[in-house]
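Peer 1: One structure, pasted below without further comment.
The values are calculated or read from the model by the stated rules, or taken from the named source; none is laboratory data. Worth saying up front: this structure is predicted, and the values here are computed from it rather than measured. Don't worry about glycine lacking a Cβ; one is built from the backbone with ideal geometry, like all the others, and counts go over all protein chains shown. Side chains included, ligands, DNA and RNA excluded: accessible areas come from the protein's heavy atoms. Shrake-Rupley method; radii C 1.70, N 1.55, O 1.52, S 1.80 Å.
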Amino acid sequence: MHGITLLGPVVPDHSRQARASSGFAKSAFPVDWDRQQATCPQGAVSREWRPLRISGHDYLQVKVAKADCLACPVRPQCTTSATRPRALALLPTRELHEIQMRNRLDQATEEWQRRYAIRAGIEATLSQNVRTHGLRRSRYRGLATTHVQHVLTALACNITRVADWLDTEPRTRRRATRFRTLCTAAA
């Protein structure tokens, strides 16, 4: 709507099948949102489509009929349950589900990895500015003076980085011991 693309990793499918890269993960089940059905890789159509709440978040639970699932020849690739049918937890709307699936596919590409590496670099810069230069809070009121603070904070960060780069003597975290001092003096 605003011409902004948010770039960030989507939590991967954490089902047993997806983690092991064997069996049928959630992406193997095409979803027909108009008919409120999901189809398993063996062709069985889901019979149950109901709201589900997990840890305060809304989802849709989709289940294949128990008789269809128990009779399936490839059932071990789908579920480890001995008595229950395979159930999927989907995001509550078609739009969110499609965005999630598309983003999971995109983040496996080299193009996405390259673009995200740029973001990771700026994240380190922002973190440094927040920790060392107090960027989290503005010391001033008004947009103009806050802008001046941001420019000066960026300048301070750059000066700090240039000074660190020019510093040829490595910094040690501990003081030299007497023994080390005597050894370096004798050499």
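Peer 1: Specify the residue that is nearest to L88 (Cα to Cα); the eligible residues are those in the stretch 21-45 that are within 19 Å of the chain's Cα centre (by Cα) and open to solvent by less than 60 Å² (accessible area, probe 1.4 Å).
Peer 2: Among residues in the stretch 21-45 that are within 19 Å of the chain's Cα centre (by Cα) and open to solvent by less than 60 Å² (accessible area, probe 1.4 Å), the one nearest to L88 (Cα to Cα) is K26.
Peer 1: Return the pair list, or none, for Cβ contacts closer than 8 Å from residues in the stretch 146-166 that are of a type outside the set (V, I, T) to residues that are assigned to a helix (DSSP H, G or I) and surrounded by 11 or more Cβ atoms within 10 Å (Cβ to Cβ), at least 6 apart or on different chains.
Peer 2: What qualifies is A154/N129; A156/H133; C157/T125; C157/Q128; C157/N129; C157/T132; C157/H133.
Here's the yes/no breakdown for (1) without any contact (Cβ under 8 Å) to a residue 40 or more places away in the chain; (2) surrounded by 14 or more Cβ atoms within 10 Å (Cβ to Cβ); (3) of a type in the set (A, V, I, L, M):
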{"site": "S55", "(1), (2), (3)": "yes, no, no"}
{"site": "S81", "(1), (2), (3)": "yes, no, no"}
{"site": "M101", "(1), (2), (3)": "no, yes, yes"}
{"site": "R104", "(1), (2), (3)": "no, yes, no"}
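Peer 1: If you don't mind, another one. Could you tell me which numbered condition E111 fails, if it satisfies all but one of (1) assigned to a helix (DSSP H, G or I); (2) surrounded by 11 or more Cβ atoms within 10 Å (Cβ to Cβ)?
Peer 2: (2) is the only condition that E111 fails.
Peer 1: Now a separate question. With the condition kept exactly as written, say whether any residue in the stretch 111-134 is modelled with pLDDT of 85 or more, under 30 Å from L60 (Cβ atoms) and within 26 Å of the chain's Cα centre (by Cα).
Peer 2: So far as the stretch 111-134 goes, yes, one or more of its residues are modelled with pLDDT of 85 or more, under 30 Å from L60 (Cβ atoms) and within 26 Å of the chain's Cα centre (by Cα).
Peer 1: If you scan the stretch 135-159, which residues turn out to be open to solvent by less than 80 Å² (accessible area, probe 1.4 Å) and either in contact with a helix residue (DSSP H, G or I) (Cβ under 6 Å, 6 or more places away or on another chain) or modelled with pLDDT under 85 (or both)?
Peer 2: Within the stretch 135-159, L135, S138, T153, A156, C157 qualify.
Peer 1: Further question on the same structure: Out of everything in the stretch 18-67 that is closer than 19 Å to I99 by Cα and in a loop (DSSP other than H, G, I, E, B), what residue ends up being modelled with the lowest pLDDT?
Peer 2: Only one residue tops the list, namely A25.
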